[in-house]
Amino acid sequence: MSKIIVNQIESSDGTTDVLNTLSAVSMAGAGMGQVLQVVTATLSDETTCSAHLSFTDIGLSVNITPSSSSNKILVLININTVCSGGDHGCQLLRDSTNIGGGDAEGIRSQSIIGNGNGSQFGQVLDTPSTTSQITYKVRGKADSGSDPLYINRSSSDSNGSTTHRCSSSITAMEIAS
């Protein structure tokens with residue numbers, strides 16, 4: 001077996017210590033910030049949340065098991081919503097704990113997204129502090145009168161070329177800390 005041992009490699013113009021530059025690059029990618037695993041789920045079915053003032057599972061979830069309790073989980077969601085009444089929201093849960101919502105004030109609902117029709121995006125960098133399996137899931141609710149919250153469809157859902165069906169997704173990535 002051949003072996004080359006050097007303590008310095010310089011660029012041709014003598015201005016860069018190539019060996020130390022390569023060492024710094026390899027150390028930067030060797031630990032913190034590295035994506036260790038990615039899990040994703042897509043919901044292409046249409047779903048209706050008709051229970052007003054109560055959050056309901058929409059059928060979108062992922063399971064992930066962190067390899068270290070110090071690692072973080074980056075959760076990205078894209079939910080396609082329509083509510084004719086306007087007021088609605090979606091929560092992101094880690095197991096049974098609501099995460100990523102706004103500050104609690106009065107009786108307002110803590111939601112990661114809400115009150116907008118169409119594609120809505122949310123993200124949370126979570127610190128679950130566990131090596132046990134975690135389930136991240138999305139729940140939705142409508143807040144206005146009798147108008148339900150529709151996921152992945154229009155409110156009329158008529159069979160026409162100007163009516164669209166969409167999909168929603170959730171992705172969880174383990175990030176080394």
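The values are calculated or read from the model by the stated rules, or taken from the named source; none is laboratory data. If you're wondering where the values come from, they're calculated on a predicted model, not measured in any experiment. Note: ideal-geometry Cβ built from the backbone for every residue, glycine included; neighbour counts use all protein chains shown.
The rows are residues; the columns are (1) in a strand (DSSP E or B); (2) touching a His at 6+ places or on another chain (Cβ under 7 Å); (3) of a type in the set (A, V, I, L, M); (4) at pLDDT 95 or above.
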position	(1), (2), (3), (4)
V75	yes, no, yes, yes
I79	yes, no, yes, no
I107	no, no, yes, no
R153	no, no, no, no
S161	no, no, no, no
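Scanning region 92-105 for residues that are surrounded by 13 or more Cβ atoms within 10 Å (Cβ to Cβ), on the phi < 0 side of the Ramachandran plot and either modelled with pLDDT of 85 or more or assigned to a strand (DSSP E or B) (or both) yields a total of 5. Among the residues making up region 46-79, those that are more than 30 Å from S177 (Cα to Cα) and either in contact with a Gly (Cβ under 7 Å, 6 or more places away or on another chain) or free of Cβ contacts under 8 Å to residues at least 12 places away in the same chain (or both) are T47, C49, F55, T56, I58.
Quick one: which residue in G89, G59, G122, G140 is surrounded by fewer than 18 Cβ atoms within 10 Å (Cβ to Cβ), in a strand (DSSP E or B), at pLDDT 80 or above and touching a strand residue (DSSP E or B) at 6+ places or on another chain (Cβ under 9 Å)? The unique qualifying residue is G59.
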